[in-house]
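Asker: This is the structure I want to talk about, given as structure tokens.
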Amino acid sequence: MVVTAARDDRPPTILESALRFDRAPAVVLLIVLPLVCWMWIVLMARDMYGPMTGASAWMMTAVWDARHLTLLWAMWAVMMVGMMLPSASPLLLLYGGLARGSAIRASSASRQIYALAAGYVVVWALFSLGATVLQRLLAKLLMVSSMMQVTNPLFGATLLVIAGVYQLTPMKQACLRTCQSPLGFLMSRWRTGLAGAFHMGLEHGALCVGCCWALMLVLFAGGIMNLAVIAALTAFVAFEKLTRFGARGARISGVLLIAAALWMLVR
């Protein structure tokens with residue numbers, strides 16, 4: 001009974017405080033938004049490999065005007081948000097608890113959480129712009145088909161080698177260590193107010209891109225709208241960033257990606 005009482009009397013942790021008082025931002029950012037993104041991804045993928053009567057049919061065009069390019073960018077942006085935002089959950093939850101402790105009003109803390117998430121999403125939206133340009137360039141060079149699949153095994157293998165080698169680099173490990181330590185990131189880069197939260201979101205998003213950009217090349221090699229590849233990458237990114245075995249997993253995945261490239265060449 002004494003032990004139980006002592007446990008009940010202990011102060012709540014930062015995560016417990018965030019979940020107790022800031023549930024709305026957590027639900028919106030970590031459940032509702034990723035779920036909506038995944039619904040859109042599934043619909044696009046099923047249409048792409050099915051009747052092609054929906055949004056995916058708009059991208060089967062020889063004329064890539066501003067409207068079609070915007071749709072392609074939106075596809076990438078939605079995919080990146082759906083894949084990457086859940087892996088940022090420790091950062092958002094920890095920041096929620098810290099922001100509530102420093103904010104005058106609870107509503108102010110909630111706005112700061114949304115501002116942090118907005119900065120993170122903006123970085124991945126900019127990354128999506130680069131992915132859109134790369135996809136159009138590869139399509140123009142006939143390296144990627146209208147079904148968003150690599151047409152040349154040598155090029156596909158090259159992408160896997162690039163991704164695999166990067167997984168083994170010190171830069172990858174440095175970015176991953178920061179992503180794995182959201183509390184350390186917040187303590188060393190803390191900024192106050194909405195602008196500060198947005199700036200921290202930009203910083204963490206940039207580090208996250210530094211950690212994961214090469215893995216996104218696997219989408220080109222395996223099929224950009226291939227649901228199995230998208231789901232596998234999402235799960236692996238979460239494993240890398242949210243578990244203590246992430247650094248070791250990154251090195252193992254690097255070796256496996258290089259092996260997969262060799263298999264693609266010899267099969």
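The values are calculated or read from the model by the stated rules, or taken from the named source; none is laboratory data. All values reported here derive from a predicted model rather than from experimental measurement. As a convention, Cβ positions derive from the backbone with ideal geometry for all residues, glycine included, and neighbour counts pool all protein chains shown. Keep in mind that these areas ignore ligands, DNA and RNA; they rest on the heavy atoms of the full protein, side chains included. Shrake-Rupley method; radii C 1.70, N 1.55, O 1.52, S 1.80 Å.
Asker: Please verify whether segment 172-190 includes one or more residues that are in contact with a helix residue (DSSP H, G or I) (Cβ under 8 Å, 6 or more places away or on another chain), among the β-branched types (Val, Ile, Thr) and surrounded by fewer than 16 Cβ atoms within 10 Å (Cβ to Cβ).
Answerer: no
Asker: I would also like to ask the following. Select from segment 145-168 the residues that are small (Gly, Ala, Ser) and part of a helix (DSSP H, G or I) and write down the one among them that is farthest from MET59 (Cα to Cα). Spell out how you get there, then give the answer.
Answerer: Filtering segment 145-168 down to residues small (Gly, Ala, Ser) leaves 145-146, 156-157, 163-164.
Filter again for part of a helix (DSSP H, G or I), leaving 156-157, 163-164.
Working: GLY156: 22, ALA157: 26, ALA163: 27, GLY164: 30 Å.
Selected residue: GLY164.
Asker: Let me ask another. List the number of the failed condition for CYS208; all other conditions in (1) closer than 27 Å to SER108 by Cα; (2) open to solvent by less than 70 Å² (accessible area, probe 1.4 Å); (3) at pLDDT below 95 hold.
Answerer: Result: CYS208 passes all but (3).
Asker: Follow-up. Can you spot a residue in segment 204-213 that is closer than 23 Å to LEU138 by Cβ, in a helix (DSSP H, G or I), of a type outside the set (Asp, Glu) and touching a Phe, Trp or Tyr at 6+ places or on another chain (Cβ under 6 Å)? Write out each step before concluding.
Answerer: Keep residues of segment 204-213 that are closer than 23 Å to LEU138 by Cβ, which gives 209-210, 212-213.
Narrowing the set further to residues that are in a helix (DSSP H, G or I) leaves 209-210, 212.
Narrowing further to those that are of a type outside the set (Asp, Glu): 209-210, 212.
Among the residues that remain, those that are also touching a Phe, Trp or Tyr at 6+ places or on another chain (Cβ under 6 Å) are: 209.
Yes, some residue in segment 204-213 is closer than 23 Å to LEU138 by Cβ, in a helix (DSSP H, G or I), of a type outside the set (Asp, Glu) and touching a Phe, Trp or Tyr at 6+ places or on another chain (Cβ under 6 Å).
Asker: Out of all the residues in segment 211-225, which are under 11 Å from the mean Cα position of the chain (by Cα) and modelled with pLDDT under 95?
Answerer: Within segment 211-225, the subset under 11 Å from the mean Cα position of the chain (by Cα) is 211-213, 215-216.
Answer for segment 211-225, where residues must be under 11 Å from the mean Cα position of the chain (by Cα) and modelled with pLDDT under 95: there is none.
Asker: Given the conditions (1) under 13 Å from LEU91 (Cα atoms); (2) touching a residue at least 40 places away in the same chain (Cβ under 8 Å); (3) surrounded by fewer than 14 Cβ atoms within 10 Å (Cβ to Cβ), report the number of the one that VAL255 does not fulfil.
Answerer: Every condition holds for VAL255 apart from (1).
Asker: Hey, does segment 128-144 have a residue that's in contact (Cβ under 8 Å) with a residue 60 or more places away in the chain, part of a strand (DSSP E or B), in contact with a Leu (Cβ under 7 Å, 6 or more places away or on another chain) and of a type outside the set (Ser, Thr, Tyr)?
Answerer: Scanning segment 128-144, I find at least one residue that is in contact (Cβ under 8 Å) with a residue 60 or more places away in the chain, part of a strand (DSSP E or B), in contact with a Leu (Cβ under 7 Å, 6 or more places away or on another chain) and of a type outside the set (Ser, Thr, Tyr), so the answer is yes.
Asker: Sticking with this one: For segment 191-202, which residues satisfy the criterion of being open to solvent by 50 Å² or more (accessible area, probe 1.4 Å) and either within 22 Å of MET84 (Cβ to Cβ) or assigned to a helix (DSSP H, G or I) (or both)?
Answerer: Within segment 191-202, ARG191, LEU194, ALA195, PHE198, HIS199, LEU202 qualify.
Asker: Could we say that VAL42 is without any contact (Cβ under 8 Å) to a residue 60 or more places away in the chain and either in contact with a strand residue (DSSP E or B) (Cβ under 7 Å, 6 or more places away or on another chain) or open to solvent by 10 Å² or more (accessible area, probe 1.4 Å) (or both) here?
Answerer: no
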